[in-house]
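I have placed the structure first, in the form of structure tokens, so that the comments after it can refer back to it.
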Amino acid sequence: MEDKQILLDNIDKIHTTKMGIDRIKNNLDLSEINVVEYCKKKILDKKSRIYKQGKNWYCEIGDIKITINSYSYTIITAHKK
């Protein structure tokens, strides 16, 4: 199975930590928003480029890059490229 499809099949497992929420909000200049749902929408977007490198998946869409641990499905960070 293609790596991208593995991530998409496990989209419901994607989560982050309290520190991750704060880091992502700060890096992407987001205010009161559900960060996990925001990132899931970006990952599911047909225009997103998803690839696996080492232990992480990366999702790039527009000027945003999201890093997700491939074992725990934890969003590690997201930032503007």
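Is it true that some residue in the range 41-61 is closer than 16 Å to K81 by Cα, in contact with a Lys or Arg (Cβ under 9 Å, 6 or more places away or on another chain) and among the polar types (S, T, N, Q)? Yes.
Mind listing whichever residues of the range 29-55 are under 13 Å from the mean Cα position of the chain (by Cα), hydroxyl-bearing (S, T, Y) and either more than 11 Å from I66 (Cβ to Cβ) or assigned to a helix (DSSP H, G or I) (or both)? If the condition is that a residue be under 13 Å from the mean Cα position of the chain (by Cα), hydroxyl-bearing (S, T, Y) and either more than 11 Å from I66 (Cβ to Cβ) or assigned to a helix (DSSP H, G or I) (or both), then Y38, Y51 are the ones that fit. I'd like to know if the range 67-81 contains one or more residues that are in a strand (DSSP E or B), over 9 Å from the mean Cα position of the chain (by Cα) and surrounded by 16 or more Cβ atoms within 10 Å (Cβ to Cβ). Looking through the range 67-81, none of the residues is in a strand (DSSP E or B), over 9 Å from the mean Cα position of the chain (by Cα) and surrounded by 16 or more Cβ atoms within 10 Å (Cβ to Cβ). Starting from residues that are free of Cβ contacts under 8 Å to residues at least 24 places away in the same chain and of a type outside the set (G, A, S), keep the ones in the range 42-58 and report whichever is surrounded by the fewest Cβ atoms within 10 Å (Cβ to Cβ). The extreme case among them is K46. Check C39 against each of (1) surrounded by 12 or more Cβ atoms within 10 Å (Cβ to Cβ); (2) farther than 11 Å from I75 by Cα and name the one condition it does not meet. Only one criterion in (1) surrounded by 12 or more Cβ atoms within 10 Å (Cβ to Cβ); (2) farther than 11 Å from I75 by Cα is unmet by C39, namely (2).
What residue, among those in the range 1-28 that are charged (D, E, K, R), over 14 Å from I66 (Cβ atoms) and in contact (Cβ under 8 Å) with a residue 12 or more places away in the chain, is surrounded by the most Cβ atoms within 10 Å (Cβ to Cβ)? Across the range 1-28, the extreme among qualifying residues is D3.
Where a number appears in this text, it was derived from the coordinates with a stated rule and is not lab data. All of these numbers come straight from a predicted model, not from anything done at the bench. Ideal geometry is used to build each Cβ from the backbone, glycine not excepted, and the neighbour counts take in all protein chains shown.
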